[in-house]
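**Q** The structure under discussion is supplied below as C-alpha cells; questions concerning it will follow.
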Amino acid sequence: MLEQPYEYTARELVEPDWRRLPGFAGVTEEQWRSAQWQRVNCVKNVRQLRGVYGDLLDEAFYADLEADQTGAATMSLLLPPQMLNTMVPTGLPTTAAMLADPVRRYMLPVASDRLAGDDASHPHAARDSLHEHEMWAVEGLTHRYPTKVLAELLSTCPQYCGHCTRMDLVGNSTPAVPKLKFELKPVDRQGAMLQYLRDTPGVRDVVVSGGDVANLPFKNLEAFVAGLLEIDSVRDIRLASKALMGLPQHWLQAEVLDGMGRLAETARARGVSLAVHTHVNAAQSVTPLVAEAARALLGAGVRDVRNQGVLLEGVNATAGQLLDLCFALLDGASITPYYFYMCDMIPSAEHWRVSLSTAQTLQHDVMGYLPGFATPRIVCDVPYVGKRWVHQVAEYDRDLGISYWTKNYRTGIERTDEAALDRRHTYYDPIHTLGPEGRAWWAAHRSSTLTPVG
C-alpha cells in the first residue's frame, strides 16, 4: 500500500542532454528534431548500441543483451535515439544504472532480466494471448466487442517494446519467434476493412493501430481515416501511436500536423470524435518534445490525447510511480491518463507481470489524487472476454493465482453459443508471486494445465 499521503510536486519537464552519450555527442538540435534523422539512426543491434554508449557500459551488458536477442526475446531491437535518451536521463549511464532503469527494463531487455527455467513463461502463455486473430472479421480487423473494432493497418512500429502483446505479428522474426505475415496487400486489406464497416452499422468505434500508425506513410493513413469518416455509423476514431513518446518528431512534422488538421476538421463537422492514444510507461519518458507533439495534435483539432500504459514490474508497479507518471502526462504534456493494462500472458514475460491482487491494490492506492476524468482505470484483458476492471473479477483463488471472469456480450465467434454469457474464463497470476502452497501446486500440475482450469 502507498505510504500516505503522496506529496504532489509540480515538476518541470526536461529534455535529457543527448550529447552526454558518446554516439550522439556531435548531434545538433536541428538533427535531433528531425524525424528522418531519428529513423535513420535507430539502434537495431548490439553493434549499433555499442556505437551509442561505447565504454560507458561493460562488455558484460552487451553480452547480456546479445544472449537475450539470440535466446528468449520475442521482439527484435528497434530504438530511436529519442527513446534511448530517456534511459538514465540525468547523467552518464553506467551498467548498474542501465540495468536498474525502468525504460531500459521494458524497451531493451537483457537475458538476466528474465526468470530462469519454467518460471520464464506461464504454462498458459500464448503468442496471440488475446486470440485476436480468431476474431478477425477480415484480415487485420478484430471484431471483439459488440460496437468496437481494432484495425491493424500494418505490422511494424518505429520502436519495439519487449512486452508487445502482438509479438506474433508485429516486428521482425527473432530466433524465439518466427513472425506471422499479412497475406493481403495493404490497399486490399484496408479496402476490405472499410467495406466490412460499411456493411456492419452496429460498429461505431474504430481503433486504428498495428503496429504503429506512425510507420504508415501519412497520405495512406489520411486516406484510411477519411474513409472511416465517410461511414455514418462510425462515431469514434482512435489512432494508436507509441511514437508520440518514442518518436515525437514524427508528429511534429508540418505535413503530418496539416493532415491531422484536415481530418480533425472533417471529424468535427460530422460529429465524430478523433483522438490519439499513446503508450507511456514511465514518467521520465515525458519530455518537452513529447509535450510539444501532444499539444500540437490538440492544436490541430484532435479531441483528446490519451495514454494507455501497461503495468510492468520494475517499471511502474508502485502507486508512487503511477502517480508520478500520471501527473507528468496530465500537467506536463496535456495527455489524459486513461488505462493501465496488466501485462498480457505472452511467452517469456513473467518477470514483467504482476498479480491481480497487486493490480487491485494499485487501483485502490491511486484513487483520489487525480481528477476523475484523468484517474486511470487498471484493467485485466482477459482472453475471450476483453477489458475488465481489476475489481470486476467473479472469483479469485489467491493461493493458486487463478481468477475467474464472466462477460456480458458475445463476440463474433460466439453468435450461436448459448453458453457464452455463463461460461467462466480464467486468468493467471505469475507463479513466482504465489506462496509456497501455490508454487507447489503448479509444480505438480504444470504439465496437465495446458487447458484452462476450473
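The values are calculated or read from the model by the stated rules, or taken from the named source; none is laboratory data. Since the model is a prediction, treat every value here as computed from it, not as a measurement. Reconstructed Cβ throughout: ideal geometry from the backbone, glycine too, with neighbour counts over all protein chains shown. Accessible surface areas use protein heavy atoms only, side chains included; no ligands, DNA or RNA. Shrake-Rupley method; radii C 1.70, N 1.55, O 1.52, S 1.80 Å.
**Q** List every residue pair whose Cβ atoms sit under 9 Å apart, with the two residues 6 or more apart in sequence or on different chains, where the first one lies in segment 87-110 and is touching a residue at least 12 places away in the same chain (Cβ under 8 Å) and open to solvent by less than 10 Å² (accessible area, probe 1.4 Å) and the second, anywhere, is among the β-branched types (Val, Ile, Thr) and in a helix (DSSP H, G or I).
**A** From residues that are touching a residue at least 12 places away in the same chain (Cβ under 8 Å) and open to solvent by less than 10 Å² (accessible area, probe 1.4 Å), the pairs are Met87/Val103.
**Q** If you don't mind, another one. Tell me, which residue of segment 394-416 that is touching a Gly at 6+ places or on another chain (Cβ under 9 Å) and touching a residue at least 60 places away in the same chain (Cβ under 8 Å) is most open to solvent (accessible area, probe 1.4 Å)?
**A** Only one residue fits best here, namely Tyr409.
**Q** Under 7 Å between Cβ atoms, at least 6 apart or on separate chains: pull out the pairs that start in segment 350-367 with a residue that is under 14 Å from Ile402 (Cα atoms) and end on any residue that is of a type in the set (Asp, Glu) and open to solvent by less than 10 Å² (accessible area, probe 1.4 Å).
**A** Ser355/Asp429; Leu356/Asp429
**Q** Still on this structure, I have one more. From the residues in segment 358-393 that are part of a loop (DSSP other than H, G, I, E, B), closer than 24 Å to His425 by Cβ and of a type in the set (A, V, I, L, M, F, W, C), which one is least open to solvent (accessible area, probe 1.4 Å)?
**A** Only one residue fits best here, namely Val385.
**Q** Could you list all residues from segment 23-47 that are open to solvent by 60 Å² or more (accessible area, probe 1.4 Å) and closer than 26 Å to Pro109 by Cβ?
**A** Of everything in segment 23-47, those that are open to solvent by 60 Å² or more (accessible area, probe 1.4 Å) and closer than 26 Å to Pro109 by Cβ turn out to be Arg39, Val40, Lys44, Arg47.
**Q** Residues of segment 148-169 being of a type in the set (A, V, I, L, M), modelled with pLDDT of 95 or more and closer than 23 Å to Leu79 by Cβ, which ones?
**A** Once the filter is applied, which keeps residues that are of a type in the set (A, V, I, L, M), modelled with pLDDT of 95 or more and closer than 23 Å to Leu79 by Cβ, segment 148-169 yields Leu153, Leu154.
**Q** Follow-up question, since we're still on this one. Given Arg238, Arg204, which one is closer than 28 Å to Arg39 by Cα and surrounded by 15 or more Cβ atoms within 10 Å (Cβ to Cβ)?
**A** Arg238 is the lone residue from the list that is closer than 28 Å to Arg39 by Cα and surrounded by 15 or more Cβ atoms within 10 Å (Cβ to Cβ).
**Q** Given the conditions (1) in contact (Cβ under 8 Å) with a residue 24 or more places away in the chain; (2) crowded, with 17+ Cβ neighbours inside 10 Å, report the number of the one that Arg50 does not fulfil.
**A** (1)
**Q** Here's another thing I want to ask about it. Which of the residues belonging to segment 141-176 are open to solvent by less than 30 Å² (accessible area, probe 1.4 Å), more than 19 Å from the chain's Cα centre (by Cα) and farther than 23 Å from Val40 by Cα?
**A** His143
**Q** Sort out which residues of segment 303-332 are within 26 Å of Ala97 (Cα to Cα) and part of a helix (DSSP H, G or I), and write them in order of number.
**A** Across segment 303-332, the qualifying residues are Ala319, Gly320, Gln321, Leu322, Leu323, Asp324, Leu325, Cys326, Phe327, Ala328, Leu329, Gly332.
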